[in-house]
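Notes for the one structure printed next.
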Amino acid sequence: MVTNVPVVDVKQLTIGTKLAEEVHTSLGGLLFAKGTTLFEKDMEYLEAFMVKQVLVEDSEEVTNGEQSDQKEVDQPVVSAKVVQEKPAAFQQSFEKAVTTLKNLLVRVQGGDNIPVMEVREVVAPILSQFQSQPQVMLSLRHFSRMDSYAYEHAIAVGIISYMIAKWIKVPEKEWMQVALAGTLLDVGKTKIDRRILQKPGKLTPEEFEEMKKHTVYGYQIIKSSHGLSEGVALAALQHHEREDGSGYPLGLPGSKLHLYSKIVAVADMYHAMCSDRIYQKAQSPYVVVEQLVQDSFGKLDPGIVRAFVDGITQFAAGTIVELSDGTIGKIVFTDRNHPTRPMVETGGKIVNLAESRHLSIVKVMEQ
């Protein structure tokens, strides 16, 4: 059955109106999703982006007096509750996955093969939960603690690798293997001396040579475990190789690297740079993403980096951020041509970071 979908001038919109279709800017970026309930600030955004008309739902409930008013009042309260509960639920799942993975890898450290089915059972639920709230990718660092960084990093890299695989259109049947490649990329560190792994200062040349062996150890451990593809083993071996041949352990160029290793290299670098570590403070995801774009010239696969940047920034609308001048604002629009420099509403005005190059996003606030 076809229903009427009224076209309404933005200047005539009323608070509580629902959008019947997505609203895009003149540049083609998504400004509001279908079904968004509009409030005063949203209407200001529409005018700021020079949107003249929108399609709205022709709801019969609008004529039902008090009942309609009550729904309008209740809706933002319900939405706020959902927003608060989702990250809390995700954090619980994330922490459970970290604890379980830690226990499984202790067995590997003791000489066992990787219990692949058990690792899959750790990864699968959190991947499923992540699908409904991918914006969490911008704030994964809020779920981390320094004392369990290695295991949190493994889970996070697994999640991010999985998403990259989807974005670059790896066949769906391989997505779980890519997630496992990310989760297990550092499994070889179970064979490295703990004193080297936990050393707070810079490693000596001899210690660094030993540390680099974790790639080979990881390859050997994965090859001897059933249920993991050759790509997972090569990801462990090659994730520190670089496109220009400057990486380790073999100094291979990009043409010789497995796709999985290129994916997990991007995920590994992104999460590491966004996290607090013994020798480095966390950086803003937006600063990190800009660094990854620079590193894609010779170091990382540029196609994968571009897909990752486009993917991670598409969830940013509504994210609260701190700018380098200390002001707090909300991302309202991301231009696909400048994905790391979105438009931010702060202090009643919209700042276009693509034009205001002296400003940058220094922190993504906890969602």
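The values are calculated or read from the model by the stated rules, or taken from the named source; none is laboratory data. This is a predicted model, so every value here is computed, not measured. Every residue, glycine as well, gets a Cβ built from its backbone with ideal geometry; the counts of neighbours run over all protein chains shown. For the accessible areas, the whole protein counts, side chains as well, though only heavy atoms, and no ligand, DNA or RNA atoms are used. Shrake-Rupley method; radii C 1.70, N 1.55, O 1.52, S 1.80 Å.
Residue pairs, Cβ under 6 Å, 6 or more apart or interchain, first in segment 288-303 and within 13 Å of residue 244 (Cβ to Cβ), second part of a helix (DSSP H, G or I) and open to solvent by 60 Å² or more (accessible area, probe 1.4 Å). List them.
Note: pairs meeting the criteria are 296/302.
Could you pull out the residue among 236, 265, 272 that is at pLDDT below 95, open to solvent by less than 30 Å² (accessible area, probe 1.4 Å) and in contact with a His (Cβ under 9 Å, 6 or more places away or on another chain)?
Only one candidate passes the filter, namely 272.
What pairs come out if I take residues in segment 98-126 that are free of Cβ contacts under 8 Å to residues at least 60 places away in the same chain and more than 20 Å from residue 149 (Cα to Cα) and pair them with residues that are open to solvent by less than 80 Å² (accessible area, probe 1.4 Å) and of a type in the set (Ser, Thr, Tyr) whose C-beta lies under 7 Å away, six or more apart or interchain?
125/93
Whether any residue in segment 270-281 is of a type in the set (A, V, I, L, M, F, W, C), in contact (Cβ under 8 Å) with a residue 40 or more places away in the chain and more than 24 Å from residue 199 (Cβ to Cβ) is what I want to check.
No - not one qualifying residue is present in segment 270-281.
Working only within segment 342-367, note down all residues that are touching a residue at least 40 places away in the same chain (Cβ under 8 Å) and part of a loop (DSSP other than H, G, I, E, B).
Those that are touching a residue at least 40 places away in the same chain (Cβ under 8 Å) and part of a loop (DSSP other than H, G, I, E, B): 360, 365, 366, 367.
Within segment 124-204, which helices (runs of 4 or more DSSP H) (wholly inside it) include 1 or more residues that are under 25 Å from residue 286 (Cβ atoms), over 13 Å from the mean Cα position of the chain (by Cα) and not aromatic (Phe, Trp, Tyr)?
Where helices (runs of 4 or more DSSP H) fall fully within segment 124-204 and carry at least 1 residues being under 25 Å from residue 286 (Cβ atoms), over 13 Å from the mean Cα position of the chain (by Cα) and not aromatic (Phe, Trp, Tyr), they are 149-167, 175-183.
Can you name the number of the only condition in (1) closer than 21 Å to residue 180 by Cα; (2) modelled with pLDDT under 90; (3) part of a helix (DSSP H, G or I) that residue 111 fails?
Only one criterion is unmet by residue 111, namely (3).
Restricting attention to segment 312-341, and to residues there that are assigned to a loop (DSSP other than H, G, I, E, B) and over 29 Å from residue 165 (Cα atoms), which single residue is most open to solvent (accessible area, probe 1.4 Å)?
Ranking the qualifying residues of segment 312-341, first place goes to 325.
Pull up segment 205-225, narrow it to residues that are polar (S, T, N, Q) and part of a loop (DSSP other than H, G, I, E, B), then point me to the one that is surrounded by the most Cβ atoms within 10 Å (Cβ to Cβ).
If we take residues in segment 205-225 being polar (S, T, N, Q) and part of a loop (DSSP other than H, G, I, E, B), then 225 is surrounded by the most Cβ atoms within 10 Å (Cβ to Cβ).
Check off (1) out of contact with any helix residue (DSSP H, G or I) (no Cβ under 6 Å at 6 or more places or on another chain); (2) within 20 Å of residue 301 (Cα to Cα); (3) surrounded by fewer than 18 Cβ atoms within 10 Å (Cβ to Cβ) for residue 175 and give me the number that stays unchecked.
(1)
Please indicate, with yes or no, whether at least one residue in segment 226-237 is touching a residue at least 24 places away in the same chain (Cβ under 8 Å), touching a Ser or Thr at 6+ places or on another chain (Cβ under 8 Å), part of a loop (DSSP other than H, G, I, E, B) and within 25 Å of residue 170 (Cβ to Cβ).
No - not one qualifying residue is present in segment 226-237.
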